[in-house]
1. For the pair Phe62 and Asp23, what calculated FRET efficiency results from E = 1/(1 + (r/R0)^6), where r is the Cβ-Cβ distance and R0 = 25 Å, to the nearest 0.05?
2. When only C-alpha pairs under 8 Å and at least 6 residues apart count, what is the relative contact order of the chain, in percent?
3. Whose amide H sits under 5 Å from the amide H of Ala45, counting only residues 5 or more places off or on another chain, with H placed in the peptide plane?
4. Report the FRET efficiency, 1/(1 + (r/R0)^6), for Trp12 and Ile144, where r is their Cβ-Cβ distance and R0 is 30 Å, rounded to 0.05.
5. Where only protein heavy atoms count, and the probe is 1.4 Å, what is the accessible area per residue for the stretch 1-117 in Å²?
6. Which ³J(HN,Hα) values in Hz, rounded to whole numbers, follow from the phi angles of the stretch 146-157 under the Karplus curve 6.51 cos²θ - 1.76 cosθ + 1.60, where θ = phi - 60° and Gly and Pro get x?
7. With all protein chains present, calculate the accessible area of Met114 using a 1.4 Å probe and round the result to the nearest 10 Å².
8. With a point put 7 Å past each Cα toward its Cβ, work out how far Trp3 is from Thr102 in nm, to one decimal.
Amino acid sequence: MRWRIHEEQEVWANPWLSVRRLDVEQPDGRRVDYHAVRLADVAAAVVTDAEDRVLLMWRHRFLTDTWAWELPMGIVEAGEAPIDAAAREVEEETGWCPGPLTDLIRSQPGAGIMDAVHHVFRATTATRIGEPTERNESDRIEWIPLADVPAMIANGEIVSGISLVGLQQALLQRLNHA
């Protein structure tokens with residue numbers, strides 16, 4: 001059931017993404033014209049503290065014109081390790097330096113049309129280092145009780161895919177260690 005790419009051409013690109021046109025052979029031998037997005041990987045961090053609170057950002061997403069809570073996250077720059085990108089994004093977007101980060105979960109949010117991997121890491125401590133240097137990222141930065149997260153998800157206050165995946169994995173780990 002493996003699909004085979006015979007040819008791939010760039011239609012449009014910027015430093016973070018590339019829209020591609022592919023000549024693809026399906027498992028039954030048919031060749032089809034297919035379009036895909038090659039997108040830079042994204043890194044995020046679930047940062048919690050000793051009081052079992054999680055560091056979240058209240059932000060507006062202009063494409064959907066919606067407000068919601070999200071994890072600190074961003075594009076993994078060329079040559080950058082995902083774990084380093086996650087630490088950098090936490091610092092830039094929140095003004096907190098995460099403690100040691102560990103792998104939490106990885107996902108491929110749109111594997112049928114996009115090749116990006118979302119890397120989510122976990123830190124159980126953080127140190128305040130100052131104001132965020134990324135001024136356009138969020139309206140508020142707050143420590144929210146992790147116990148409140150399931151209701152926030154149910155109420156549509158957390159909708160970002162990478163935030164949902166990371167927070168739900170952190171909640172599962174919390175249950176398994178209880």
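1. It comes out at approximately 0.10.
2. Reported relative contact order: 23 percent.
3. Amide H to amide H, under 5 Å and 5 or more residues apart or across chains, Ala45 pairs with Phe121.
4. E between Trp12 and Ile144, to the nearest 0.05, is 0.20.
5. On the way: 6740 Å² over 117 residues.
Here the per-residue accessible area is 58 Å².
6. 4, 5, 7, 4, x, 5, 5, 5, 4, 7, x, 7
7. Surface open to solvent at Met114 totals about 50 Å².
8. Each label point lies 7 Å from its Cα, and together they span 3.7 nm.
The values are calculated or read from the model by the stated rules, or taken from the named source; none is laboratory data. It should be emphasised that the depicted structure is a prediction, and the values quoted were computed from it without experimental measurement. Ideal geometry is used to build each Cβ from the backbone, glycine not excepted, and the neighbour counts take in all protein chains shown. Just the protein is used for accessible areas: all its heavy atoms, side chains included, with ligands, DNA and RNA removed. Shrake-Rupley method; radii C 1.70, N 1.55, O 1.52, S 1.80 Å.
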